[in-house]
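The values are calculated or read from the model by the stated rules, or taken from the named source; none is laboratory data. As the structure is a prediction and not an experimental result, all values here were calculated from the model. No Cβ is skipped: glycine too gets one built from the backbone with ideal geometry, and neighbour counts run over all protein chains shown. Accessible surface areas use protein heavy atoms only, side chains included; no ligands, DNA or RNA. Shrake-Rupley method; radii C 1.70, N 1.55, O 1.52, S 1.80 Å.
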Amino acid sequence: VELQPAAGAVQISFSTDSFAVPFGSTSTLQKFKATGTASRSELNVTEFTGGIYDGIVSGNAKLAWGATWTLKGEMSAKQIRMFRLTPELIDNGSLEGKAKFAMQAQDAGALFTSAPRMEGNFAIIDGTVVGVNLGLLFRNPQSRGSSKFAELAGNFIHENGKTQIRKVNLSAGLLSANGNGDVDANGKLSGNFVVDLKFPDRQHRSNLVVSGTLKEPLFNQ
């Protein structure tokens, strides 16, 4: 840690091999670095970067305290390995995305657990959906297996423990899928998607209903 005096504040430069994120978070960042300023009422992190799930997260954050504690900022993620994050649902693939976050609590230790809000977008490149073969879905509604894709992208809002995933678009050559999904606070899945298989002279379309949990996803027509 390096500290330098500034007008009404202190400039901070901080680095560590391993950083357990405080305030109720369960995440640990590797090779963490941060710079910013601190005053009597807030800590303004102008830039941070760290490693997680074989990828990198970076961004900025502002922590303020008084009658309540607040934490808000922006972050981006690159090269996050999906098999480290959700191996039962999406294997392989590299995640990138951007998001804004905001948290508020009476106690600092509850910032990450007292209804934090995050909103942003994501894209997963060269991944595999586990549990369904989308290419065989048109001939066998109960088709199981896996489905490789070139990209799976969408928007998300995480609030009150629930994650809403909207405008999801999966592309895999002649095959594509579009729809929306939700994950509740207990990891329960729900979603509806339209799967298209387009040839030059014809097109097939099928519905796909997602249920189950993140640990045991289920796919049906």
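Building the convex hull from the alpha-carbon atoms of the chain and averaging its projection over directions returns 13.2 nm². Region 109-126 and region 1-19 have Cα centres lying 26 Å from one another. Surface exposure of region 53-103, expressed per residue as accessible area with a 1.4 Å probe, stands at 55 Å².
Shape class for region 1-63: prolate, because the ratio a/c of the largest to smallest gyration tensor axis (alpha-carbon atoms, square roots of eigenvalues) is 1.5 or more and a/b beats b/c.
Annotation note: trypsin sites (Lys or Arg not before Pro) in region 19-100 located in DSSP loop regions with a Cβ neighbour count of at most 12 within 10 Å are ARG40.
Ordered from longest to shortest, the equivalent ellipsoid semi-axes for region 1-115 are 28, 18, 11 Å, each the square root of 5 times a Cα gyration tensor eigenvalue. With the full set of protein chains in place, find how many percent of the accessible area of region 108-175 is carbon and sulfur; take the probe as 1.4 Å. Of all accessible area on region 108-175, carbon and sulfur atoms account for 54 percent. Past the 31 Å Cα-Cα mark, which pairs from LYS72/LYS148; LYS98/LYS215; LYS62/LYS162; LYS100/LYS198; LYS31/LYS188? Where the Cα-Cα span goes over 31 Å, the pairs concerned are LYS72/LYS148; LYS100/LYS198; LYS31/LYS188.
Taking every DSSP helix (H) stretch of at least 4 residues in the chain, weighting each as -39,500 (n - 2.57) and dividing the sum by the residue count yields a mean residue ellipticity at 222 nm of -500 deg cm²/dmol.
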